[in-house]
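Accompanying notes for the structure given below.
The values are calculated or read from the model by the stated rules, or taken from the named source; none is laboratory data. As the structure is a computational prediction, the values presented were derived from the model and not from experiment. FYI the Cβ positions are ideal-geometry reconstructions off the backbone, even for glycines, and counts take in every protein chain you see.
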Amino acid sequence: MHSGTHQAIAAVWRIESAKIVAAVLRMVRDIGLAEELAQDALVAALEHWPTEGVPHNPGAWLMTTAKNRALDHLRRHKLLDSKLAQIGHDLEAQEALVVPDFVDGLDAARANQIGDDLLRLIFTACHPVLSTEARVALTLRLLGGLTTHEIARAFLVAEPTIAQRIVRAKRTLGEARVPFEVPVGDALAERLASVLEVVYLVFNEGYTATAGEDWMRPALTDEALRLGRMLAELAPDESEVQGLVALMELQASRAAARVDASGRPVLLAQQDRGRWDRLLIRRGLAALAHAEALCGARGHPLGTYALQASIAACHARAPTAAETDWTRIAALYDALAQTAPSPVVELNRAVAVSMAFGPAAGLEIIDTLRQEPSLQAYQWLPGVRGDLLAKLGRMDEARAEFERAAQLAGNLRERELLLERARDPARQERERPPD
């Protein structure tokens, strides 16, 4: 009977929850308490809206209810007087009852305050004091509005494990007395890197799942894109934010072409480029141009994400796989290896070099990575090596590499793909590790 109302509540909560938690957190200065009070507002909506109807401005209703819950809490604990100086006009309860935060024609000052609160929440949830896993879980819970069950299902992790991560993360932030603020100066770059890392980890897990039966998990890529776009609006002058958004938009543009009707992977060289999302490509190229302009104005080189976006842009601009500018991609990987050296970057550089200058040149780089400890369990090291060996006509060696890669693969679809290559090493279908 009330299923339509419940769906409306869920949709509004997904959109507004981060703003509500952020606004309440500014009032109570306790991230766990802020989420509880925001959840109280959600429960109130579930109680009232099915019988009273969805309010004209549901976001405002939830915000006002959550703030009033926060006021009640502060009064009960006799903290109102000491908090007045910190929270100013946002504690004017009577005004909040009459003038909601999200009304048409929102004034600039209040809009800026909402943006500031969201930015503070992002930096708090992604604080380096937390483990990477905890940052991811807390960010998806507070900024994505995902339930514990949804996060657990997305990452194929037991629900109690995710719940414990979130509880411990809140406790750690409280014990460390992490301030609800946006860092400044040198601290900003360090903390921003942590925020971007979390968003990109979420995106990558959705783009190429590390385990399970599905190669992609679109819900996670969509969530990462939403978080990235939110961050770009809140920090429009940060070139690496723009670079990350560009990278995600460009990679996400290929989603429809990355699997066939059976859900099997379709790699870059075989993808139907007519199925690439042109709107996402335009958005990605625009964000990349913005990042390039910001770096140019400041005399800075492109950062890690902007360089990766530049590589993705080479693919997006190529009408066909054969017209891909692999020489430029190899040069961009050279720059990336200087900016952010890592074995995985070197592996991708080897692929680009092989495409630009021949498989022997790529294999020479690959063979320098065979003893790299961090790549011993990485399926795409033997996978790429097998492909280059096959191109050089060394089929027995190639077959062994593909079999080893399949054993290392945690994702069912990747394992099937690699076993197919082991059965027929001469089948030339790889250009690079998963795009």
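Taken over region 314-337, the criterion of being over 19 Å from residue 278 (Cα atoms) and assigned to a loop (DSSP other than H, G, I, E, B) is satisfied by 325 alone. Does residue 371 fit the bill of being of a type outside the set (A, V, I, L, M, F, W, C), part of a loop (DSSP other than H, G, I, E, B) and without any contact (Cβ under 8 Å) to a residue 60 or more places away in the chain? When the stated conditions are applied, residue 371 passes them. Scanning region 322-351 for residues that are surrounded by fewer than 22 Cβ atoms within 10 Å (Cβ to Cβ) and among the hydroxyl-bearing types (Ser, Thr, Tyr) turns up 324, 327, 339, 342. Quick check on residue 197: is it surrounded by fewer than 20 Cβ atoms within 10 Å (Cβ to Cβ) and either of a type outside the set (A, V, I, L, M, F, W, C) or under 21 Å from residue 267 (Cα atoms) (or both)? For residue 197, the condition - surrounded by fewer than 20 Cβ atoms within 10 Å (Cβ to Cβ) and either of a type outside the set (A, V, I, L, M, F, W, C) or under 21 Å from residue 267 (Cα atoms) (or both) - is met. Of a type in the set (Gly, Ala, Ser), in contact with a Cys (Cβ under 7 Å, 6 or more places away or on another chain) and on the phi < 0 side of the Ramachandran plot - does that describe any residue in region 213-222? No: region 213-222 contains no residue that is of a type in the set (Gly, Ala, Ser), in contact with a Cys (Cβ under 7 Å, 6 or more places away or on another chain) and on the phi < 0 side of the Ramachandran plot. If residue 289 satisfies all but one of (1) crowded, with 22+ Cβ neighbours inside 10 Å; (2) over 17 Å from the mean Cα position of the chain (by Cα), what's the number of the condition it fails? With respect to (1) crowded, with 22+ Cβ neighbours inside 10 Å; (2) over 17 Å from the mean Cα position of the chain (by Cα), residue 289 is out only on (1).
Tell me which residues, restricted to region 170-192, are free of Cβ contacts under 8 Å to residues at least 40 places away in the same chain and under 21 Å from the mean Cα position of the chain (by Cα). Residues satisfying the conditions are 188, 189. When 430, 421 are screened for being at pLDDT below 95, within 29 Å of residue 252 (Cα to Cα) and out of contact with any Asp or Glu (no Cβ under 7 Å at 6 or more places or on another chain), only 421 passes.
For region 394-412, the criterion of being closer than 20 Å to residue 264 by Cβ, crowded, with 19+ Cβ neighbours inside 10 Å, at pLDDT 90 or above and among the polar types (S, T, N, Q) is met by no residue. Can you find a residue in region 26-44 that is exposed (fewer than 13 other Cβ atoms within 10 Å of the Cβ) and either modelled with pLDDT under 90 or under 24 Å from residue 148 (Cα atoms) (or both)? There is at least one residue in region 26-44 that is exposed (fewer than 13 other Cβ atoms within 10 Å of the Cβ) and either modelled with pLDDT under 90 or under 24 Å from residue 148 (Cα atoms) (or both).
Just the residues that are of a type in the set (A, V, I, L, M, F, W, C) and without any contact (Cβ under 8 Å) to a residue 40 or more places away in the chain, please, taken from region 319-343. Listed by number, the residues that qualify are 322, 326, 329, 330, 331, 332, 335, 336, 337, 340.
Look through region 355-366, keep the residues that are free of Cβ contacts under 8 Å to residues at least 24 places away in the same chain and either out of contact with any Lys or Arg (no Cβ under 8 Å at 6 or more places or on another chain) or of a type in the set (S, T, N, Q) (or both), and return whichever of them is farthest from residue 328 (Cα to Cα).
Restricting attention to region 355-366, the residues satisfying the condition of being free of Cβ contacts under 8 Å to residues at least 24 places away in the same chain are 358, 361, 364-366.
Those left that are additionally either out of contact with any Lys or Arg (no Cβ under 8 Å at 6 or more places or on another chain) or of a type in the set (S, T, N, Q) (or both): 358, 361, 364.
Working: 358: 15, 361: 16, 364: 20 Å.
Checked region 355-366; the qualifying residue farthest from residue 328 (Cα to Cα) is 364.
Set side by side, the residues 72, 117, 90 differ, and just one is assigned to a helix (DSSP H, G or I), within 30 Å of residue 236 (Cα to Cα), at pLDDT 85 or above and acidic (Asp, Glu), which is 117.
Annotation note: Cβ proximity below 6 Å between a residue of region 137-148 that is farther than 21 Å from residue 116 by Cβ and a residue that is assigned to a loop (DSSP other than H, G, I, E, B) (sequence gap 6+ or interchain) occurs for 140/146.
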